[in-house]
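A short write-up of the structure that comes next.
Every number here is computed from the coordinates shown, using simple stated rules; none is lab data. A quick note: this is a predicted structure, and the numbers were derived from the prediction, not measured. Heads up, the Cβs are rebuilt from the backbone with ideal geometry, glycines too, and the neighbour counts pull from every protein chain shown.
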Amino acid sequence: MTTQQAKETDVEEKGGARQHIQSVVVGARLLEALVRRNDSMSLTAISKAADMAPAKAHRYLASFIETGLITQSKTTGYYDLGPLSLDLGLAAIRRLDVVELAYPFMVSLREETGETVSLSVLGNFGPTLVRWVPNNAPVNITVNVGSVLPLLTSSNGRAFAAFLPPEKADPLIEKELAEGSAALEAANIRSRADVDRVLNSVRESGVAEAVGLVLPAIASLSCPIFDRTNTVVAVLTVLGITGMISTERDSPISQTLRRTAARISEMLGARMG
């Protein structure tokens, strides 16, 4: 038993109101472990990540399953975030002014371009998709709300990385460089100099592009959205099938995307130009 587990056992034995409060704090570690993993987990894995004895973790998980915060696969027995967790996350996201404000502009952008449009914000683990407007074409692209995108190989991530303050961008950049990926190799990004080359290009044009890096069949263009402090708060993206959507930075789609992102920024009080 670890020191942390011993402390929690002592608190539970004392009982009283403090026990109930501590139980919430302790149980939240299991939820946090699932959020950080971004995938389902076994009892052994989740209890280790939360620094909790498996038997104790199992009791908390059983309670969370009853509330809908956590779900358990009948096939694998693995645990994952449940429908209530999703509802809570989406409700919190919707309270961000930019999400609601941007929606009608996203619909208009879809109508003008004929392509799928998405909006992402910067979550704890990177650019996170929070809303999307599908195209009306026979071949439809589905965007999974809540998905976390890479910073250096998605157009969404590049738009964030280019305009975030260094203290926020640098840790994420260094983490991705250290981990490495096939997408980074495909994008010829192996060093910080390569990263700077890509991000400087985004800063110069105001638009980021990525072709077949996150998914081979998908190409996308992204523009940052700024608030009244001229801080990037979201990224607007147009995405389509590789080879069927123009990702040139002076293309009609790119120009329409820039205008739309600038208009949303102005609505948020940003001073453009």
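Please report Rg over Rh for segment 16-88, where both radii come from the alpha carbon positions and Rh follows the Kirkwood definition.
Values: Rg = 11.6 Å, Rh = 12.2 Å.
Result: Rg/Rh = 0.95.
Here the relative contact order of the chain, from alpha carbon pairs under 8 Å that lie six or more residues apart, stands at 13 percent. When shorter helices are ignored and each DSSP H run of at least 4 residues is given -39500 (n - 2.57), the per-residue value for the chain at 222 nm works out to -16500 deg cm²/dmol. The Rg/Rh ratio of segment 88-193, with both radii computed over alpha carbons and Rh defined as the Kirkwood radius, is 1.01. Which aspartates and glutamates have a Cα less than 17 Å from the Cα of residue 48, not counting those fewer than 8 places away in the same chain? The reachable aspartates and glutamates, counting only those whose Cα sits under 17 Å from residue 48, are 8, 32, 39, 80.
Computed from point charges on the beta carbon alone (+1 for Lys and Arg, -1 for Asp and Glu), the dipole magnitude for the chain about its Cα centre is near 300 Debye.
Output the relative contact order of segment 29-80, whole-number percent, from Cα pairs under 8 angstrom with separation of 6+ residues.
On the way: 49 pairs, mean separation 19.3, N = 52.
It rounds to 37 percent for segment 29-80.
Averaging the Cα positions of each part gives two centres, and for segment 31-62 and segment 180-239 these lie 34 Å apart. With viscosity 1.002 mPa s and temperature 20 °C, the Kirkwood radius over alpha carbon pairs of the chain converts through Stokes-Einstein to a diffusion coefficient of 104 µm²/s.
Each residue of segment 229-240 was assigned a 3J(HN,Hα) from its phi angle through the Karplus expression (A = 6.51, B = -1.76, C = 1.60, θ = phi - 60°), giving 8, 6, 9, 5, 10, 6, 10, 9, 9, 10, 9, x Hz with x at Gly and Pro.
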